[in-house]
1. Report the label-to-label distance for ASP85 and TRP110 in nanometres (one decimal), using points 7 Å from each Cα along the Cα→Cβ vector.
2. Nearest 20 debye, what's the magnitude of the dipole of segment 13-132 about its Cα centre given +1 on Lys and Arg Cβ and -1 on Asp and Glu Cβ?
3. Treating only the Cβ of Lys, Arg, Asp and Glu as charged (+1, +1, -1, -1), what charge dipole size does segment 7-57 show about its Cα centre? Round to the nearest 20 debye.
4. Which parts of segment 4-22 would a label at THR125 reach, counting a residue when its backbone N lies under 14 Å from a point 7 Å out along Cα-to-Cβ?
5. Taking θ = phi - 60°, what integer Hz values does the Karplus form 6.51 cos²θ - 1.76 cosθ + 1.60 yield along segment 15-31, in sequence order, with x for Gly and Pro?
6. Peptides 82-88, 53-59: what's the order by average Cβ count within 10 Å, highest mean first?
7. Just want to confirm a number: the relative contact order over segment 1-98, from Cα pairs under 8 angstrom separated by 6+ residues, in percent.
8. Quick one: Debye curve from the C-alpha atoms of segment 28-72, no solvent, what's log10 I(q)/I(0) at q = 0.14, 0.32, 0.33 Å⁻¹?
Amino acid sequence: CCHPALTPDATLVKSADRTRVQLTVLPSSPIVAGRTVKLQYHLTDGGTPVTDLEPYLGAWGHTLVLSEDALEYVHAHPLEYLPLDVADVKGGPDVTFDATFPKPGRYRLWTQFKRRGVVSTSSFTVEALAVP
């Protein structure tokens, strides 16, 4: 029947569990369907860059991209890899994901990061335009 209509976020800054999450799309907006973009998240806490990200399920974070009609989805891992031979490794403040939005339309992004043993989720709504 019906799916809730998504409205693209006017600003790409959110807060999740005391962490300020700023999303930058590279190259700069607009997102064009079928082209790979980088979703770069910059994390701060009280204005200070976050440097205590903890590995979560083998990565610095996870992103799920879901189309408004729920027919298209992408699960992405960060481009920044975890070092294999370092104990008690910490990351941040930037975490970058590659994502391709399969078709024009609106998408919800859910991204998870782990700090101090807590997994936080932030969500953004963006729009992918048709190829010009």
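The values are calculated or read from the model by the stated rules, or taken from the named source; none is laboratory data. Predicted model only: the values in this text are computed from it and were never measured. Neighbour counts run over all protein chains shown; Cβ positions are idealised from the backbone, glycine included. Protein only, heavy atoms only, side chains kept; ligands, DNA and RNA dropped before computing areas. Shrake-Rupley method; radii C 1.70, N 1.55, O 1.52, S 1.80 Å.
1. It works out to 3.8 nm between the two label points.
2. So the magnitude is around 260 debye.
3. 260
4. Within reach of a label on THR125, which here means backbone N under 14 Å from a point 7 Å along Cα→Cβ, segment 4-22 contributes 4-12.
5. Calculated HN-Hα couplings, in order: 10, 9, 6, 6, 9, 8, 10, 10, 9, 10, 9, 10, x, 3, 3, x, 6 Hz.
6. Highest mean packing first, the order is 53-59, 82-88.
7. Dividing the mean separation by the residue count of segment 1-98 yields 27 percent.
8. These q points yield log10 I(q)/I(0) values of -0.57, -1.20, -1.23.
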